[in-house]
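The values are calculated or read from the model by the stated rules, or taken from the named source; none is laboratory data. Source: prediction; values computed, not measured. Ideal geometry is used to build each Cβ from the backbone, glycine not excepted, and the neighbour counts take in all protein chains shown.
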Amino acid sequence: MNDTPGWASPGSAPSDGQQPGASGPAEPADRPGTATPAEQPGAEPPGPDPQGPSSQWSKEQPPPGQWSAPTGPTAPGQTPPPPPPGPGGWGTPPPVGPGGYGGPGGYGPPGGQPGPGGWGGGYGPPGGYPGYGGWGGPPPAAKPGVIPLRPLGVGEILDGAVSTMRAHWRTVLGISLTVAVLTEIIVILLQGLVLNDTAGSEALNDPSATLDELTRAMGDAMLSSSVVFVISLVGTVAATALLTTVTSRAVLGKSVTTGEAWRDARPQVVKLLGLILLLLLITVGVVVVGALPGILLAVSGQTTGGVALAVLGSLGAAVVALWLGIRFSLASPALMLEKQSITKSMSRSAKLVRGSWWRIFGIQLLATIIANIVAAIVVIPFTFLAAASSGDGVGGFLNGTGDLGWTFLIISGIGSVIGSMITFPITAGVAVLLYVDQRIRREALDLDLARAAGVQGYGPTPGS
C-alpha cells in the first residue's frame, strides 16, 4: 500500500478509500448510505432528469483513470472533485474560475491564483520546481564557493578553476609567479650551460648528414626536450600542491593567504617531493623498458632495425606511461588534502580514477589545451622578440640556424614565466576540482563540504 499522493500508479485504488487522483468509477448517488445531491446540506434541488426518475447516472462511464476536470463552477458549499491524474503526478492545473481550484474554497492558494508549487509542480513549497514527477524537483545545490556542491560537469570544473584564480588572484598569482620563476631559472641555466649543442641542430638541417649523426642529434634533441618537460612537470605538480589549499578553501567560499597556504602545505612537502620522484621514476622506467630492446639491437650492429624497434617500443611505452599518469593524476590532491602517505595517496588516486579514466583524461587534456592556447598568445610574441634581439634575427630562428644565446633565453624565459602564471592555476585548479568531483560522486563529499561551509539544512534530496 502506498498512500503518498502522486506516487500511486494510474488506475490503482489505495486501501484507505478514494484518494485525490485515484482512478476508478465513483460511487452512485442512490447507493444506500450515500447522500444524494438533494440531501446534502446547502445543495439546490435537482432539476428534471431527461432519462427518467430512476436513472441518475449515464450508462456510458469514462474509463478508469481518465476523468476530466470540471469546466464550470460548482454549486455553493459543494467540494470540487480532485484534479485529474497526469503523467508523473497530479497532472496539470485546471482552469481557474470562481469557486474552482484556484478560487475561494478551492485547492489553490489564497487569491485564486495557482502557485508555482501547485498541482502541476507538485506539493512542494512555494516556488517549487515543476517537472520532477509532479512533486517539485530537488532544490538547487548549495554553492558557497566557486562550484555547486554536487557532481560537476566539464564546464563547471573549468569555470571553477578560472573563478578561483579570479576571486583569489593575489594568492594564486603569487604562488604561480614564484614557482614559474624558479622553474624557468633552472631551465635557462640548463639550456645555456648544458643543453646548448649547436652541432646537433646543424646535423638535423644537413641533408648530407650520416645516420649516426642524425641519431645522435635526435637523441640530444629528445634529451633536451625531456629535461625541460620533466622540470616543467615538477613545477606543475608543485604549483598544484601549493594551490590545493587555495582551491579547497575557494570551494567553501573562504579565502587563504600565501602564508596560510604554505603553512598548510609545508608538512607534506617532503612527501610531495617523494611522490614526484616516484612518479618520474615510474615514467622513465616504463620508457626505458620499452626502448631497451631496440637500443640493444642497435648496439649489436643492426642500426636500422634497432632504431625502428626503439621507436616502436618508445611509442608503446608512452601509451603505458600516459595511462599510469592519468591513473595517478589525483595523488597530489589526495596527499595534500587527506594527509596521506605516498603509497596511500597513489592508491586513493587509482581508486578515484577507476571507471572514469577517459573522462578524467578528456577533462585534463581539454584544460591543458585551453591553458596552452592562452599561454601561447603571451609566449609567442616574446619568442619572436627574443629571436629579433639575437644575432641571427628572426630568419635564423625560423630556419633553425640561430644561436640560442643568453639574450634569447632570458627574453623568451620572461614570456614563459608569464605563460606559466596562467597555466599553473588552470591545470592545478582542474586537478583539485576533479578530485573533489570524484569524491562527491563516490563518497558524498558534498555533505561534508556543506557542513564545513556552514550551509543550513543541506542533505540528500527526496528520492535520491
Would you kindly identify the helices (runs of 4 or more DSSP H) lying entirely within segment 258-366 that contain at least 2 residues that are without any contact (Cβ under 8 Å) to a residue 40 or more places away in the chain and farther than 30 Å from V162 by Cβ?
269-299, 303-327, 342-353
Whether any residue in segment 228-251 is of a type in the set (V, I, T) and free of Cβ contacts under 8 Å to residues at least 40 places away in the same chain is what I want to check.
no
Tally the residues that are more than 27 Å from S420 (Cβ to Cβ) and small (G, A, S), restricting the search to segment 339-371.
5
Of the criteria (1) aliphatic (A, V, I, L, M); (2) modelled with pLDDT under 80; (3) surrounded by fewer than 18 Cβ atoms within 10 Å (Cβ to Cβ), which one A238 fails
(3)
